[in-house]
Structure formats: structure tokens, C-alpha cells
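Novice: Before anything else, here's the structure in question.
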Amino acid sequence: MKFYVEAYGCTLNQGETKMLAEKMVCQGHIEVDDPLEADTAVIGTCVVIKKTEERMKRRIQELKECCDDIIVTGCLATIGGKELKRAYPGLTLVDAGEVNMSFEPEHSLFGTVPISTGCVGTCTYCITKLARGCLRSHDKESIKRRFESLLQKGVKEVRITCQDTASYGLDIDTNLIDLMKELDSYSGEHRIRLGMMNPNTALPIKEELMECMNDSHFYRFLHLPLQSGSNGVLKRMKREYTVGQWMDLIREVKKSIPDITISTDVIPGFPGETKEDFKRTVSILEEVKPDIVNITRFSPRPGTKAMDMVDNIHSREKKRRSKILTDLHAENSKKKNDEFVGINTNILVLEKGKNDTMMGRMNNYKVVVIDDNRHDLLGDWVEVKITDASGVYLSGTIN
Ligand code: SF4
């Protein structure tokens, strides 16, 4: 059987969909790049905001028109499974988090290892919690076996992912630090990207986390959502940390690893967010200047507690606040990246860029585009001189 795969949403969702495809290849099925050539389409769905959910349903309809069978996995499979089955009786559902670990990856420079599904949080705006439920960590042996299988297939960037990496193992009497130490013990030129973690679960392990990140295979990169610069809004979001705790964590992380890349998330327009609350979010971003800021306007999701709150921020105002944060971040990230111009550094070349260029990552996960199109550089570390910077990436030449 020929099958076609599409995956959307977070790294976890994409990683699980990838593993599902790997298992189908192991069963002798053939993956094709065009749905028109496929008997079956596999789609890894995301429902984080309303617009995305609607887009998933449209895409399933489109794929149904060119493929006999559809396999739907990811959060829509769990959140909207009944409705999908009514619309497409023959459709196959694979619930979010129910894809078993695969140990037969394909040759690639990138690989993903889902380490758990579900989480320990109860954030009032979050529909993912409804899809993936409470924390279920994968056992360390299967995680290590997947990790090894990826390294054996030449993977150079391994993405460790779940909804909250810092909560890993809390349900199976182990923890992220133990796992990081074991994964770091594999020799090689590869790098490991640690996925998103919540400040409240990261705080208890912050010192060990910094130790594990220094001089290791882990990129010097941390993704720590803030969501709002107002404690009042964080309380109504049930985020279980304060702005002060997030700031302290960032401060200590930067003291321990000065060139670390910080990524964060903010949700402007949460119900009841006053102009004062929003100003606080702006001032926090002005002060901290995270390298990456993912901005998502609040969108009430069915079944969440925030759905029952009065969504009193007009969509125009949500747009205005989102634009202010986007412009602020663009200005800050350009200024920060300018500081790298003129340095010599090493990058891991990982993919083709546009216009005869190649792209790589520094040890702090910064993207560097080099004016060289030699494909034999893929997977190698090269020394480069940073010659220019934009708000999103650095440019360089090989020394
Ligand atoms: S936002 Fe909160 S509830 Fe949703 S997955 Fe993250 S920690 Fe869990």
C-alpha cells in the first residue's frame, strides 16, 4: 500500500506522526510524496486554536477526495474523533499520545524522540490537556533505544520533545536530569535540542539543568513559556508560577550559560487582560529580550475553563497587542543578533538554504546561513565568521 504523510502542530505531534509512518514502512508499505499517488493519507492534526482546527478538517476533506483511506492522529483524533467518524465512517483514528515508540527511523540529519505525553498542568486555556490528559512518561530504555536508532541512522540533531520536558519521569520515579545524563553519554558530533518546559517544573531542577547543558551534546537552548507578564493573568491561566519566578529562572540560566538562546511564548488578549497587564508583558520582554518569542492571540477553546470566561478583549485589540509584541521582538532580536557579527564560531551544517546557501546551527542553536552550496558539508561542523545578522538568522562565511 502506498501512503502519504502530513503533520502539523508541535514537535511532539510531528514526532509521533513520523514514528507512525516509520512503523508503516516497517510493515512493507511505501511512503510517497504526493497524495494523488497514495492509497492512504496519514495526517497528524493540531487543534491548539480554532483556525487550526478548521484547517485540519478542511485538509482531511481534501485528502479524502484523493485517497481511499485516511488515518488521523494527533489532538483532533482525540478531541473530535466522534465527529470525524460520523463524517468519514471508514476513517482510522490513532489517539494523540498512543503512537508506540519506533526503533526503525529512516536516514536523516534530524530525528525526534517523544519522551512522554500529557502533562501535570491544568492551564485554563489549554485544549491539549483535554486531548493528551495527565502525564504518561515513556520508559527510559525505550527512549534510549530510539535515541540510539536515530544516531545509527546518521541523525545529527535529535529533538527531545513532549508538552513539558521538565516534568519527565515524575510519574515513573525518575526525572529529566537522569535522562539527560544518560543521553549525553553517547559519543558523537550530534546535538540534542531539549523541548519546551514549564517554569514551575523547571525551577526545582534548574542547577542540575545548567550543569547538564554546559559542555555537552545539548544545545545551549531553553524554551520557557512566560504567557503573560501579569501575575493576575497568570493566576487566571492557572500557570503555577509568577512573573518573578520566570525572571529569576532566566537570570540564573543566563548567569550560568551567558550565550544561551532563550525562547518563550506569550498569549496576548487573555480574558480580563487590562491595558496595565499588557504593558507589564511588554516591559518584561523589553527587559529580558528573549531570542525567540512565539506570540499566539488568545482563542477560546471548547471544553476549557477559559471558554467560560468573558472573552472581553475585542479581536481588533488582540491584533493590536499582538502587533506591538511582534514589532518589539523583531527590534530586540535584530539588536541581539548584531552582537554576533564579526565573531568566529563553529556550526553544524544541517540543511540546504535558499539561493545556493546552506544552513547550520551554532551550539546555542542560533541559525547561521553560509554562502556555500556544497552538499557534502551536510552533517559536518565547520568554522565560520559571522558577517551579518537579521532578526531571525545570522549570515557567515566558512573560514
Ligand atoms: S499549556 Fe498547560 S495544560 Fe496545556 S499542555 Fe502545557 S502545561 Fe499542560
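Novice: When residues of the stretch 126-138 are filtered for being under 18 Å from the mean Cα position of the chain (by Cα) and either closer than 19 Å to D265 by Cβ or within 11 Å of the ligand (Cβ to nearest atom) (or both), how many remain?
Specialist: The number of residues fulfilling the criteria is 7.
Novice: Among what's in the stretch 112-125 and is closer than 21 Å to F218 by Cα and touching a Phe, Trp or Tyr at 6+ places or on another chain (Cβ under 8 Å), pick the residue that is nearest to the ligand (Cβ to nearest atom). Give the steps one after another, and end with the answer.
Specialist: At the first step, the residues of the stretch 112-125 found to be closer than 21 Å to F218 by Cα are 112-116.
Within this subset, residues satisfying the condition of being touching a Phe, Trp or Tyr at 6+ places or on another chain (Cβ under 8 Å) are 113, 115-116.
On the way: V113: 18, I115: 14, S116: 11 Å.
Across the stretch 112-125, the extreme among qualifying residues is S116.
Novice: Sticking with this structure for a sec: Where residues in the stretch 347-399 are among the aliphatic types (A, V, I, L, M) and in a loop (DSSP other than H, G, I, E, B), which of them is farthest from H107 (Cα to Cα)? Let's see the steps before the verdict.
Specialist: Our first condition is that a residue be among the aliphatic types (A, V, I, L, M); within the stretch 347-399, this holds for 347-350, 358-359, 362, 367-370, 377-378, 382, 384, 386, 389, 392, 394, 398.
Remaining after also requiring in a loop (DSSP other than H, G, I, E, B): 362, 378, 392.
Working: M362: 22, L378: 13, V392: 28 Å.
By that ranking, first place goes to V392.
Novice: Give the stretch 170-181 a look and list any residue that's under 22 Å from E16 (Cα atoms), more than 16 Å from the ligand (Cβ to nearest atom) and of a type outside the set (S, T, N, Q), or say none.
Specialist: Correct list: I172, L179, M180.
One line per residue, one yes/no per condition, for (1) within 16 Å of the ligand (Cβ to nearest atom); (2) more than 30 Å from D308 (Cα to Cα); (3) β-branched (V, I, T):
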| residue | (1), (2), (3) |
| --- | --- |
| G74 | yes, no, no |
| P89 | no, yes, no |
| E106 | no, yes, no |
| L150 | no, yes, no |
| K153 | no, yes, no |
| C162 | yes, no, no |
| Y168 | yes, yes, no |
| D184 | no, yes, no |
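Novice: Let me ask something else. For C123, all conditions in the list (1) over 30 Å from G232 (Cα atoms); (2) not assigned by TED's automatic domain parsing to the domain that holds I30 hold save one; what is the number of the exception?
Specialist: (1)
Novice: While we're here: Being surrounded by fewer than 23 Cβ atoms within 10 Å (Cβ to Cβ), part of a helix (DSSP H, G or I) and of a type in the set (A, V, I, L, M, F, W, C) is the filter here; which residues of the stretch 180-201 pass it?
Specialist: If the condition is that a residue be surrounded by fewer than 23 Cβ atoms within 10 Å (Cβ to Cβ), part of a helix (DSSP H, G or I) and of a type in the set (A, V, I, L, M, F, W, C), then no residue fits.
Novice: Pick from T117, T128, T73, T124: which is within 21 Å of D33 (Cβ to Cβ) and open to solvent by less than 40 Å² (accessible area, probe 1.4 Å)?
Specialist: Sole residue among the options that is within 21 Å of D33 (Cβ to Cβ) and open to solvent by less than 40 Å² (accessible area, probe 1.4 Å): T73.
Novice: Can you pull out every residue in the stretch 131-146 that is free of Cβ contacts under 8 Å to residues at least 40 places away in the same chain and open to solvent by 70 Å² or more (accessible area, probe 1.4 Å)?
Specialist: The answer is C134, R136, D139, E141.
Novice: Just checking, which of G90, G97 is more than 25 Å from L176 (Cβ to Cβ), in a loop (DSSP other than H, G, I, E, B) and either modelled with pLDDT of 95 or more or out of contact with any Pro (no Cβ under 6 Å at 6 or more places or on another chain) (or both)?
Specialist: Being more than 25 Å from L176 (Cβ to Cβ), in a loop (DSSP other than H, G, I, E, B) and either modelled with pLDDT of 95 or more or out of contact with any Pro (no Cβ under 6 Å at 6 or more places or on another chain) (or both) holds for just one of G90, G97, which is G90.
Novice: For the stretch 339-371, enumerate the residues that are open to solvent by less than 30 Å² (accessible area, probe 1.4 Å) and of a type outside the set (A, V, I, L, M).
Specialist: T345, G353, T357, G360, N364, Y365, K366
The values are calculated or read from the model by the stated rules, or taken from the named source; none is laboratory data. Quick caveat: nothing in here was measured; it's all calculated off a predicted structure. Cβ: placed from backbone, ideal geometry, glycine included. Neighbour counts: every protein chain shown. Calculation scope for accessible area: heavy atoms of the full protein, side chains included, ligands and nucleic acids excluded. Shrake-Rupley method; radii C 1.70, N 1.55, O 1.52, S 1.80 Å.
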